[in-house]
Structures are given as structure tokens and as C-alpha cells.
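Trainee: Please read through the structure below; I'll follow up with questions.
The values are calculated or read from the model by the stated rules, or taken from the named source; none is laboratory data. Fair warning: this is a prediction, and the values are worked out from it, not measured in the lab. Every residue, glycine as well, gets a Cβ built from its backbone with ideal geometry; the counts of neighbours run over all protein chains shown.
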Amino acid sequence: MRIEAGPHRKHVLEFTLYTGFCVLGAGLFLYDGLVGYHKKNEPIKQLNIERLAEDPNYQAEPLPYSPEKITEQLYWSGGFGILGVITLVILIRARGKRLVLDDTGLQIDGRPVIPFDAMTGLKTDRWDAKGWVDLEYDSNGRSASTRLDSFKIDPCKPIIAAICDKKGFTNPITDDEAETPPPPATDTA
């Protein structure tokens, strides 16, 4: 028995979109703060200069974008930039997610194998609501747990089912939820 799992495509797609949105937002706000708003203010500045030259008592028209508004755009850009970095880190971590379940136990992301003998329980109370289970195990005499999340790991259900079968834990996956392999291809030629 060997089951390999990687990142769930929906999870990766979600954080790709978040990262793209944040980078786009940061770029647009940065453009407005450094270039766009200054360009929009320039015609009014020129008009005010020309009219002041003609009439020293002329009341200058206010600029559409004040220096405070321009600075605000730069702050928004920084905020979106920080969010973009955070979502990028999450995306990179998600894309690197790897699980391998074999006869020795479960290995997650290249960390040491969790042997079947060390597995002590499976908390399934959040399966129906959240789609995850917490695998409890002993790690060097200490109690530890790791989350198996069906939204982040694909395929997750066969790994949970195999652990339940091997250890005798109650399987939270109903027959309706179980992933069935596709039917074998038939040669129609």
C-alpha cells in the first residue's frame, strides 16, 4: 500500500487568485500615488499658474487630489503589498505540500514518518463541518497531532480511510463521500 497526496488544486487556485488580487491592488494604488494622481492634478496646476499670471487676485482652483489623498494611495499600496507577500508565502507552502502513506506510516512534507504504532487516535468531530480530521500520535513520549484537511490535501479521503482500516479507528467518511476510482478504460477501437 502506498498513497501519495499533494496540494488540492482548489486551495492552490484560491491563494493564486488572492496573491494576484493583492499584487494588482498594490500596483494600481502605487501607480495612482506616484503617477496617476499627479497627472490628473497637472492641468489644474497649469490653469492656476496661467490665471494667477493674468490676475494676481485670482482664487486658485483646488486640486482634485490633495497631497494627503496621494499619500493615502501609497499607504493602501503598502497594505496590499504586505497582504500579497503573506498570500504568496501561503501559496508557496501550499504548493509544496506532500503526504505519503505507506506500510511504515505517514510522512508529511519530508518530516519524520509517523509510524502506525505511534498513532493513538483520530479526532473526527470537525469532519462534517470543516472536512478535516486531527490525527493524534505519540512523538518521543509527547502527545502530538497533525491535521488532515480535505480542502488542502488531494486525495485526502483515501489516506484517512487507509489509516482507519490499519488502526481500527472509526472512519468519518460515509459511503456517499468516499472517493471511488474511475471505471477502467475500455478499448472501443
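Trainee: Filter the stretch 43-71 down to the residues that are out of contact with any helix residue (DSSP H, G or I) (no Cβ under 9 Å at 6 or more places or on another chain) and acidic (Asp, Glu) and list them by number.
Mentor: Within the stretch 43-71, Glu50, Glu54, Asp55, Glu68 meet the criteria.
Trainee: Follow-up. Within the group Leu74, Leu91, Leu30, Leu83, which residue is closer than 30 Å to Pro112 by Cβ, surrounded by 13 or more Cβ atoms within 10 Å (Cβ to Cβ) and not assigned by TED's automatic domain parsing to the domain that holds Ala161? Give the derivation first.
Mentor: Working: Leu74 fails: closer than 30 Å to Pro112 by Cβ; Leu30 fails: closer than 30 Å to Pro112 by Cβ; Leu83 fails: closer than 30 Å to Pro112 by Cβ.
None of the others qualify; the one that does is Leu91.
Trainee: Next up: Can Lys39 be described as surrounded by fewer than 16 Cβ atoms within 10 Å (Cβ to Cβ), more than 28 Å from the chain's Cα centre (by Cα) and part of a helix (DSSP H, G or I)?
Mentor: Details: surrounded by fewer than 16 Cβ atoms within 10 Å (Cβ to Cβ): yes; more than 28 Å from the chain's Cα centre (by Cα): yes; part of a helix (DSSP H, G or I): yes.
Yes; evaluated as a whole, the condition is true for this residue.
Trainee: Separate question: List the pairs whose first member sits in the stretch 99-128 and is surrounded by 14 or more Cβ atoms within 10 Å (Cβ to Cβ), whose second member is part of a loop (DSSP other than H, G, I, E, B) and of a type outside the set (D, E, K, R), and whose Cβ atoms are under 6 Å apart, counting only residues at least 6 apart or on separate chains?
Mentor: Gly105/Val113; Gln107/Val113; Val113/Thr104; Leu122/Phe169; Thr124/Pro172; Trp127/Pro172
A quick yes/no check of all residues on (1) small (Gly, Ala, Ser); (2) under 30 Å from Cys156 (Cβ atoms):
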residue	(1), (2)
Gly20	yes, yes
His38	no, no
Tyr58	no, no
Ile70	no, no
Ser77	yes, no
Ile86	no, yes
Ala94	yes, yes
Leu99	no, yes
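Trainee: When the residues of the stretch 141-160 are narrowed to those that are more than 18 Å from Thr104 (Cβ to Cβ) and either assigned to a helix (DSSP H, G or I) or among the hydroxyl-bearing types (Ser, Thr, Tyr) (or both), which ends up nearest to the chain's Cα centre (by Cα)?
Mentor: Taking the stretch 141-160 as the starting set, the residues that turn out to be more than 18 Å from Thr104 (Cβ to Cβ) are 141-143, 145, 147, 149-157.
Next, only the ones that are either assigned to a helix (DSSP H, G or I) or among the hydroxyl-bearing types (Ser, Thr, Tyr) (or both) stay: 143, 145, 150, 157.
On the way: Ser143: 28, Ser145: 22, Ser150: 14, Lys157: 21 Å.
Across the stretch 141-160, the extreme among qualifying residues is Ser150.
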